[in-house]
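Read-outs throughout are calculated quantities, based only on the coordinates presented, and are distinct from any laboratory measurement. Note that the structure is a prediction, hence the values are computed from the model and not measured. Cβ placement follows ideal geometry from the backbone for every residue including glycine, while neighbour counts extend to all protein chains displayed.
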Amino acid sequence: MSSSSSTSRNQLQVTHVQSQEGVKVCDCGVPAKEQTCWKITNPGRRFWNCQNSMTRLRKCSFFEWKDEEQADGYYKNLLYSLKQKLDAKDELSEMNKLRRRIAEVEFLMSQEQYKVAKSEKEVHYARKAIGRYRMIVALLLLAWPYVF
């Protein structure tokens with residue numbers, strides 16, 4: 001079901017692909033991964049690609065189209081534009097989720113800020129009380145020889 005493409009990339013590749021139980025395997029011995037192209041030139045077109053070509057080492061350059069190329073025209077453009085709209089909706093949905101999460105975090109943060117302000121107020125009153133107790137103790141120590 002694969003076709004030869006007119007691109008130079010596909011014409012230059014010399015790899016012997018074997019099929020093992022429905023899985024394509026190239027010369028490097030790694031099963032090829034089926035993927036879908038979403039570029040404007042081939043929207044929705046499936047292809048096989050060696051998993052090693054996706055690593056930084058790029059050991060293998062195996063690439064083979066699985067589907068026939070669509071003719072240029074309305075349906076090809078429609079498929080591409082629908083994919084773009086779907087991606088935009090996914091991004092919008094993700095942004096809305098993030099906005100809701102930000103609102104939740106801001107609410108939790110305001111609750112914590114209230115608790116901190118309340119604790120700071122309690123610390124202020126406690127320091128005032130400690131200061132009063134120190135003054136009382138100092139007065140008692142000064143008055144001690146005169147009391148007894």
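Worth a mention:
- FRET E, pair ARG127, GLU106, Förster distance 25 Å, beta-carbon r, rounded to 0.05: 0.20
- Under 16 Å of direct C-alpha separation, and excluding same-chain neighbours fewer than eight residues apart, LYS121 reaches these aspartates and glutamates: GLU112.
- Applying the Karplus relation 6.51 cos²θ - 1.76 cosθ + 1.60 with θ = phi - 60° to the stretch 83-89 yields 3J(HN,Hα) values of 5, 4, 5, 5, 4, 5, 5 Hz, where x marks Gly and Pro.
- Here r is the Cβ-Cβ distance between VAL23 and GLU68 and R0 is 22 Å; the resulting FRET efficiency, rounded to 0.05, is 0.55.
- Amide proton proximity set for ARG45, modelled H, under 5 Å, gap of 5+: CYS37
- Backbone HN-Hα couplings from phi across the stretch 74-82 [Karplus 6.51/-1.76/1.60, Hz, Gly and Pro as x]: 4, 5, 5, 5, 5, 4, 5, 5, 5
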